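**Student:** Below is the structure I would like to discuss, written out as structure tokens.
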Amino acid sequence: ILRPAHTLALGYLTYIVMGWLLLMLPFSQTKSIHWIDNLFIATSAVSTTGLATVDTGTSYTWFGQLVILILLQLGGLGYMTASSFVLLAAKRKLSNTRIEILQSAFSLPKTIGITHLVKNIFLFAFACELAGAVGLYIFFRQADVSNPMWSAVFHSASAFCTAGFSLFPTSFEGFKSDPAINLILAVLSYAGGIGFIVFTDIFSKIKNFSRRLTFTTKVILTVTVICNLGGTLAIFCLEPTIQHFSMGERLLAAFFQTMTASTTVGFNTLPIGTLALPTVMVLYFLMFFGASPAGTGGGLKSTTLTALIAEAWSHLRGYKTVSLMGREIPETRVKAASMSAFTYALVLGFGVFALSIAMPSANFEWMLFEAISAIGTVGLSMGLTAELNMSAKWIV
């Protein structure tokens, strides 16, 4: 009997293969694309990474782009969430096995009603993506973007699912001075990256002001604010390529690049390959830890970061227990965070080592950036993705 985690992994593998086969069809492509590139794109879409060895907007037809959109949607929301919503919409009851798999996918305690959660997640995602698509359509049309409606729908879903796929060859570099488009993408990315459960908690607080936010929500929001303010300030002050921008454009560029790394959405308004080393190191950190649990973002997660900081601080002060913001963190959570960080760093290290063997002449800074971006499912690249050889594509 397969365990929930095994079932999830097998399901994602199945969708990757199905997407790969669909992208291999002649009417999915505008030109001949190698099978490994189609497999790379399908994997990147289902894992909502966004790294692409070929240009999505020019290499695939509308049908091919639709396949990618469906794959990233399944990956972002979770294919079990999507299929469960279909069953619930058809008035069918979820099986115990499916409920266990969903609880495993969201890392939820068994006390949370998964049926109600699935419905609300789907509706929340639909509302966010619809509002985002309407907003993007208005401003894409004003900017004379070709086929603005399809571009708006595609980029709205890609942003909410923090997938990072773009139909524009240079992502959003052409819109670095457009505050409206930057803001819409940021709101969608935060909505997906922070997670539905946090927003549910916030909405409940708004409806009942006397109700307190949960400890997890406070931690996630605190870390998100600190990382994004710190990252924005660092890039604003340290990045030389934006020093000639106006104050507003400079702040917008610094904010957007921080946001896209911390939520792991993977869009960019600045050419990543031209950024200075201090800025790249800021992005390393933001991409490594990434977004929040139970959201569409990747990375090691903000709650893991806080657990590790709390553990280190408690040990330094000689405390026998680990506490954060006046609350004791269970030993099982601390051990889980430490194990996650160790495994994550170990796999990342092996990945960089393997890439150095596969591409010995490549810039190490670029390889490290590519590896962190891949394992954190971020999708940002300093330019190495398009140059990957066959072995390197498999590694990434």
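**Student:** Out of (1) under 23 Å from the mean Cα position of the chain (by Cα); (2) open to solvent by less than 30 Å² (accessible area, probe 1.4 Å), what's the single condition that is false for S28?
**Tutor:** (1)
**Student:** Right, something else. Which one is nearest to F168 (Cα to Cα), of the residues in segment 240-288 that are among the aromatic types (F, W, Y) and surrounded by fewer than 24 Cβ atoms within 10 Å (Cβ to Cβ)?
**Tutor:** F255
**Student:** Can I ask one more? Could you tell me whether any residue of segment 121-132 is over 26 Å from R333 (Cα atoms), open to solvent by less than 50 Å² (accessible area, probe 1.4 Å), among the aliphatic types (A, V, I, L, M) and modelled with pLDDT of 60 or more?
**Tutor:** Yes, segment 121-132 has at least one match.
**Student:** Let me ask something else about it. List every residue pair whose Cβ atoms lie under 9 Å apart, where the two residues are 6 or more positions apart in sequence or sit on different chains, the first residue falls within segment 43-58 and is open to solvent by less than 10 Å² (accessible area, probe 1.4 Å), and the second residue, located anywhere, is acidic (D, E).
**Tutor:** Matching pairs, first to second residue: L51/E370.
**Student:** Can you tell me which residue within segment 173-208, out of those that are more than 14 Å from G132 (Cβ to Cβ) and aromatic (F, W, Y), is modelled with the highest pLDDT?
**Tutor:** Restricting to residues being more than 14 Å from G132 (Cβ to Cβ) and aromatic (F, W, Y), the top hit is F175.
**Student:** What do you reckon, is A294 of a type outside the set (F, W, Y), outside any loop (DSSP other than H, G, I, E, B) and surrounded by 13 or more Cβ atoms within 10 Å (Cβ to Cβ)?
**Tutor:** No: the conditions fail for A294.
**Student:** Report yes if some residue within segment 236-253 is under 21 Å from I220 (Cβ atoms) and assigned to a helix (DSSP H, G or I); otherwise report no.
**Tutor:** Within segment 236-253, none of the residues are under 21 Å from I220 (Cβ atoms) and assigned to a helix (DSSP H, G or I).
**Student:** Hand me the list of helices (runs of 4 or more DSSP H) wholly inside segment 323-396 holding 3 or more residues that are surrounded by 15 or more Cβ atoms within 10 Å (Cβ to Cβ) and among the hydrophobic types (A, V, I, L, M, F, W, C).
**Tutor:** Fully inside segment 323-396 and qualifying: 331-358, 364-375.
**Student:** Please determine, by comparing only the residues of segment 177-196 that are within 22 Å of N120 (Cα to Cα) and of a type outside the set (A, V, I, L, M, F, W, C), which one is surrounded by the most Cβ atoms within 10 Å (Cβ to Cβ).
**Tutor:** Per the criteria, the residue is G192.
**Student:** State yes or no: is F63 more than 22 Å from the chain's Cα centre (by Cα) and modelled with pLDDT of 95 or more?
**Tutor:** Yes; evaluated as a whole, the condition is true for this residue.
**Student:** Can you list residue pairs whose Cβ atoms sit under 7 Å apart, with the first residue in segment 296-307 being closer than 16 Å to S44 by Cβ and the second being β-branched (V, I, T) and open to solvent by 20 Å² or more (accessible area, probe 1.4 Å)? Count only pairs 6 or more apart in sequence or on different chains.
**Tutor:** G298/T377
**Student:** Same structure, new question: Name the single residue, out of those in segment 4-36 being of a type in the set (S, T, Y) and in a helix (DSSP H, G or I), that is nearest to V67 (Cα to Cα).
**Tutor:** Looking at residues that are of a type in the set (S, T, Y) and in a helix (DSSP H, G or I), I get S28.
**Student:** Follow-up question, since we're still on this one. Given the options D201, D178, name the one that is among the acidic types (D, E) and farther than 18 Å from A254 by Cβ.
**Tutor:** D201
**Student:** What number of residues within segment 200-236 are farther than 30 Å from V118 by Cα, more than 22 Å from the chain's Cα centre (by Cα) and exposed (fewer than 13 other Cβ atoms within 10 Å of the Cβ)?
**Tutor:** Final tally of qualifying residues: 0.
**Student:** Checking the structure you have, find out if any residue of segment 150-173 is in contact (Cβ under 8 Å) with a residue 60 or more places away in the chain and of a type in the set (D, E, K, R).
**Tutor:** Yes; the residues of segment 150-173 include at least one that is in contact (Cβ under 8 Å) with a residue 60 or more places away in the chain and of a type in the set (D, E, K, R).
The values are calculated or read from the model by the stated rules, or taken from the named source; none is laboratory data. Values in this document were obtained by computation on a predicted structure and should not be read as measured data. Every residue, glycine among them, receives a Cβ derived from its backbone with ideal geometry; neighbour counts consider all protein chains shown. These area figures cover heavy atoms from the full protein model, side chains too; ligands, DNA and RNA do not enter into them. Shrake-Rupley method; radii C 1.70, N 1.55, O 1.52, S 1.80 Å.
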